[in-house]
1. Take segment 6-27 and flag every residue that is at pLDDT below 85 and part of a helix (DSSP H, G or I).
2. I need the full set of residues from segment 18-70 which are exposed (fewer than 15 other Cβ atoms within 10 Å of the Cβ), touching a helix residue (DSSP H, G or I) at 6+ places or on another chain (Cβ under 8 Å) and hydroxyl-bearing (Ser, Thr, Tyr), in order please.
3. Take Leu50 and tell me if it is of a type in the set (A, V, I, L, M), over 19 Å from Val14 (Cα atoms) and free of Cβ contacts under 8 Å to residues at least 24 places away in the same chain.
4. Using the structure shown, decide if Leu52 is at pLDDT below 85 and not in a helix (DSSP H, G or I).
Amino acid sequence: MVMILNMILMVFIVMGGAWVFSSKRKHLLATLLSLEFIMLGLFLMLFTALNLYPQDLYFSLIFLTFSVCEGALGLSILVSMIRTHGNDFFQTFSVLQC
(Lines give C-alpha, C1' and ligand atoms only; values in the text may rest on other atoms or scores of the structure.)
Protein backbone atom coordinates (compact mmCIF):
# COMPACT_ATOMS: atom_id res chain seq x y z
CA MET A 1 0.00 0.00 0.00
CA VAL A 2 2.81 2.40 0.89
CA MET A 3 4.67 1.52 -2.33
CA ILE A 4 1.61 2.41 -4.42
CA LEU A 5 1.21 5.75 -2.62
CA ASN A 6 4.89 6.52 -3.18
CA MET A 7 4.58 5.78 -6.90
CA ILE A 8 1.47 7.98 -7.15
CA LEU A 9 3.36 10.78 -5.39
CA MET A 10 6.32 10.42 -7.75
CA VAL A 11 4.06 10.47 -10.81
CA PHE A 12 2.44 13.61 -9.37
CA ILE A 13 5.91 15.18 -9.02
CA VAL A 14 6.79 14.39 -12.63
CA MET A 15 3.44 15.63 -13.96
CA GLY A 16 3.70 18.81 -11.88
CA GLY A 17 7.14 19.48 -13.29
CA ALA A 18 5.88 18.89 -16.82
CA TRP A 19 2.98 21.28 -16.22
CA VAL A 20 5.31 24.02 -14.97
CA PHE A 21 7.66 23.36 -17.89
CA SER A 22 4.87 23.79 -20.41
CA SER A 23 3.22 26.79 -18.75
CA LYS A 24 6.24 28.91 -17.70
CA ARG A 25 8.06 29.34 -20.97
CA LYS A 26 9.15 32.97 -20.62
CA HIS A 27 12.15 32.49 -18.34
CA LEU A 28 14.98 30.07 -18.95
CA LEU A 29 15.60 29.66 -15.22
CA ALA A 30 12.01 28.53 -14.58
CA THR A 31 12.22 25.95 -17.35
CA LEU A 32 15.55 24.65 -16.02
CA LEU A 33 14.13 24.33 -12.50
CA SER A 34 11.11 22.43 -13.77
CA LEU A 35 13.37 20.09 -15.75
CA GLU A 36 15.38 19.40 -12.59
CA PHE A 37 12.12 18.75 -10.72
CA ILE A 38 11.12 16.22 -13.39
CA MET A 39 14.54 14.57 -13.15
CA LEU A 40 14.21 14.32 -9.37
CA GLY A 41 10.85 12.58 -9.69
CA LEU A 42 12.18 10.19 -12.33
CA PHE A 43 15.23 9.44 -10.17
CA LEU A 44 13.02 8.63 -7.19
CA MET A 45 10.87 6.35 -9.37
CA LEU A 46 13.93 4.60 -10.75
CA PHE A 47 15.50 4.22 -7.31
CA THR A 48 12.28 2.83 -5.83
CA ALA A 49 11.79 0.39 -8.69
CA LEU A 50 15.41 -0.78 -8.64
CA ASN A 51 15.48 -1.05 -4.85
CA LEU A 52 13.84 -4.46 -5.25
CA TYR A 53 16.93 -5.65 -7.16
CA PRO A 54 20.04 -4.54 -5.22
CA GLN A 55 22.48 -5.57 -7.94
CA ASP A 56 20.91 -3.11 -10.40
CA LEU A 57 21.21 0.04 -8.29
CA TYR A 58 24.16 1.32 -10.33
CA PHE A 59 21.68 2.26 -13.08
CA SER A 60 20.28 4.92 -10.75
CA LEU A 61 23.81 6.27 -10.27
CA ILE A 62 24.26 6.51 -14.05
CA PHE A 63 20.90 8.30 -14.35
CA LEU A 64 21.89 10.71 -11.59
CA THR A 65 25.18 11.42 -13.38
CA PHE A 66 23.37 12.26 -16.61
CA SER A 67 20.89 14.51 -14.81
CA VAL A 68 23.76 16.40 -13.14
CA CYS A 69 25.42 16.86 -16.53
CA GLU A 70 22.12 18.15 -17.92
CA GLY A 71 21.85 20.63 -15.07
CA ALA A 72 25.40 21.87 -15.55
CA LEU A 73 24.84 22.31 -19.27
CA GLY A 74 21.61 24.22 -18.63
CA LEU A 75 23.31 26.53 -16.14
CA SER A 76 26.13 27.23 -18.57
CA ILE A 77 23.60 28.15 -21.26
CA LEU A 78 21.81 30.39 -18.74
CA VAL A 79 25.03 32.17 -17.79
CA SER A 80 26.07 32.73 -21.39
CA MET A 81 22.58 34.02 -22.26
CA ILE A 82 22.59 36.46 -19.35
CA ARG A 83 26.09 37.68 -20.28
CA THR A 84 25.14 38.34 -23.89
CA HIS A 85 21.55 39.60 -23.51
CA GLY A 86 21.32 40.84 -19.92
CA ASN A 87 18.32 38.72 -18.83
CA ASP A 88 16.73 35.31 -19.26
CA PHE A 89 13.57 36.33 -21.11
CA PHE A 90 12.98 34.33 -24.27
CA GLN A 91 11.12 37.28 -25.83
CA THR A 92 14.25 39.45 -25.99
CA PHE A 93 16.34 36.58 -27.33
CA SER A 94 16.50 36.38 -31.11
CA VAL A 95 18.22 33.63 -33.06
CA LEU A 96 19.09 36.08 -35.84
CA GLN A 97 21.24 38.26 -33.58
CA CYS A 98 24.99 37.74 -33.73
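The values are calculated or read from the model by the stated rules, or taken from the named source; none is laboratory data. Remember, predicted model here, so these are calculated numbers, not experimental data. Don't worry about glycine lacking a Cβ; one is built from the backbone with ideal geometry, like all the others, and counts go over all protein chains shown.
1. Listed by number, the residues that qualify are Asn6, Met7.
2. Matches in segment 18-70: Thr48 only.
3. Judged against the criteria, Leu50 is not a match.
4. yes
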